[in-house]
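The values are calculated or read from the model by the stated rules, or taken from the named source; none is laboratory data. Small disclaimer: the values here were computed from a predicted structure and weren't measured. Using ideal geometry, Cβ is built from the backbone for each residue, glycine included, and neighbour counts are taken over all protein chains shown. Side chains included, ligands, DNA and RNA excluded: accessible areas come from the protein's heavy atoms. Shrake-Rupley method; radii C 1.70, N 1.55, O 1.52, S 1.80 Å.
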Amino acid sequence: MRPGYTCGAKARAEPEGSLRFFVLRFSVRHIYSEAQDRGALILKQFYLNCLAHASYVIGDQQTGIAAVVDPQRDIERYLEFAAAQNLRIQHVILTHLHADFIAGHLELRDRVGAAIYLGAKAKAEYRFTPLADGATIDFGRVRLEALETPGHTPESISILVFDLDRSTTEPQAVLTGDTLFIGDVGRPDLRAALGWSAADLGAMLYDSLHSKLLPLPDATLIYPAHGAGSLCGKAISKETVSTMGEQRRLNYALQPMSRQAFIDIVTADQPEAPPYFVYDAVLNSKERPTLDASLALQWKPLSLEAVLDLQRSGAQVVDTRDPEEFGAAHLAGSINIGLTGQYATWAGTVLDRTHPIVIIAAPGRENESAMRLGRIGFDHVAGYLENGLASLDAAPERVVFTERVSAPYAAELLASSAPPLTIDVRAPREREQKQIPGSLSFPLNHLAEKVGEIPKGRALLVYCAGGYRSSIAASLLKRAGFDSVGEIAGGIAAWESAHLPLDSAKS
């Protein structure tokens, strides 16, 4: 995780970054300072590292009116910032119906009465104002102007931000949603399940970039909805702000090429999207309970007996502690998805929406565990184990552990007369670069559906890049009935550090 970020409710909004980003950030802050001295534009980026998600508050100092663009579902950070700046949030805009998280538009509507705005081609169950090309939202000396930029999704829009004290014709910035990223563009293949072909959306994306965004002045600041780590693109930079001139020079997808060449390049080699993406995209168009209402129902301490009863009836018990703590002792049959990693993404990948979720967490982190599931619309939490793992002191027969062996000892085991079967749960592209000789590939996102292909008569030794995914995988395998499952502590990074042999051939 980059310095300056957490994934909990108190996540900091100020990123730290490279020298290049520092220079850009310095110039941006200089602009803000000038604007605020005149009582004009306030533009604040909030970055949530665990979802690689950027959202924005845009305010006018003179009138005290503000808009929030692409908010996360837990909205306290926007309310706190608005209060500190004496702003009233009256508008909330979604640049598109996000696939990788549940937006906080309904939360802002219900909490502060904010009006909702979507692209003109969007359809939703709740009342919203459609924004077509050229539609504006004016407050004080700030103007927001919509550009229809379909491609990532059919209803995608970008938002031009004008500080009218600086210019009425040239935008200060553009909020590009998932149309244009820093170093990349939005993938056009996420709507296949909803009837849109990647080729058709790719053609729309090409036109949106070339007719709407590329003509903007070089100095226009680019603020996207995602950064590095998001699965909405394949080569997104770790930077979270740039300029149109810089992107015109450096972004591979903005270089001169034909429409067909563009479609070919942006549809090739995209990472596989988690199954919850379509679910979230649809849910963002629905009238649904707010996060506060959902958490109020979920905030229930459960006795150990109640948890065991739920587990026997099919509930998914999710232990959100770190892999090291989980490996040392955990409830039999529980699934480890640690809060320290890409918790929401992997929870949305390996859990299902048809069975309740019961949380086991470190003391004080129960609500965070449920809230971060709520960010992706997983509201079916039945409660949490009261007193956490300490509740198992009275039932030691329910406690199991996962052996986590060092890389050198793992090598000894693999060289023995009865070696374990080594399972690599990384993505195929990672495996192509380097792998432990003789290991078998079972990527974590497909492990549940492929588990029947793994023989149960062998001891298993699981590894990933560093140990986070292998802990998830080991817990899933043990839950599926595999008795002897261990992990290589530190994953392939530890194996490589121990100067143990690696293969690089594709398999």
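If I ask for residues that are touching a Gly at 6+ places or on another chain (Cβ under 9 Å) and open to solvent by 30 Å² or more (accessible area, probe 1.4 Å), which ones from region 129-166 would you list?
Once the filter is applied, which keeps residues that are touching a Gly at 6+ places or on another chain (Cβ under 9 Å) and open to solvent by 30 Å² or more (accessible area, probe 1.4 Å), region 129-166 yields Pro130, Ala132, Gly140, Arg141, Glu145, Glu148, Asp165.
Within the set of pairs 6+ apart or on separate chains, which have a first residue in region 207-221 that is within 14 Å of Ile159 (Cα to Cα), a second that is assigned to a loop (DSSP other than H, G, I, E, B) and open to solvent by 70 Å² or more (accessible area, probe 1.4 Å), and C-beta atoms under 9 Å apart?
What qualifies is Lys212/Asp133; Leu216/Glu170; Thr220/Glu170.
Scan region 395-409 for residues that are among the small types (Gly, Ala, Ser) and either in contact with a His (Cβ under 6 Å, 6 or more places away or on another chain) or surrounded by 17 or more Cβ atoms within 10 Å (Cβ to Cβ) (or both) and report the count.
Of the residues in region 395-409, 1 are among the small types (Gly, Ala, Ser) and either in contact with a His (Cβ under 6 Å, 6 or more places away or on another chain) or surrounded by 17 or more Cβ atoms within 10 Å (Cβ to Cβ) (or both).
Select from region 76-85 the residues that are of a type outside the set (Lys, Arg) and either touching a strand residue (DSSP E or B) at 6+ places or on another chain (Cβ under 9 Å) or surrounded by 23 or more Cβ atoms within 10 Å (Cβ to Cβ) (or both) and list them in ascending order.
Tyr78, Leu79, Phe81, Ala82, Gln85
Restricting attention to region 195-211, which residues are surrounded by 15 or more Cβ atoms within 10 Å (Cβ to Cβ) and more than 20 Å from Gln260 (Cβ to Cβ)?
Within region 195-211, no residue meets the criteria.
Name every residue in region 378-394 that is among the small types (Gly, Ala, Ser), in contact with a Pro (Cβ under 6 Å, 6 or more places away or on another chain) and either open to solvent by 50 Å² or more (accessible area, probe 1.4 Å) or at negative phi (or both), in order of residue number.
Selection gives Ala382 alone.
So in region 222-236, with the set limited to residues that are hydrophobic (A, V, I, L, M, F, W, C) and open to solvent by 10 Å² or more (accessible area, probe 1.4 Å), which one is nearest to the chain's Cα centre (by Cα)?
The selected residue is Leu231.
Looking for whichever is under 30 Å from Gly233 (Cβ atoms), in contact with a Ser or Thr (Cβ under 8 Å, 6 or more places away or on another chain) and either open to solvent by less than 30 Å² (accessible area, probe 1.4 Å) or assigned to a helix (DSSP H, G or I) (or both) here; the options are Val318, Val278. Which one fits?
Step by step, each of Val318, Val278 is checked, and only Val318 is under 30 Å from Gly233 (Cβ atoms), in contact with a Ser or Thr (Cβ under 8 Å, 6 or more places away or on another chain) and either open to solvent by less than 30 Å² (accessible area, probe 1.4 Å) or assigned to a helix (DSSP H, G or I) (or both).
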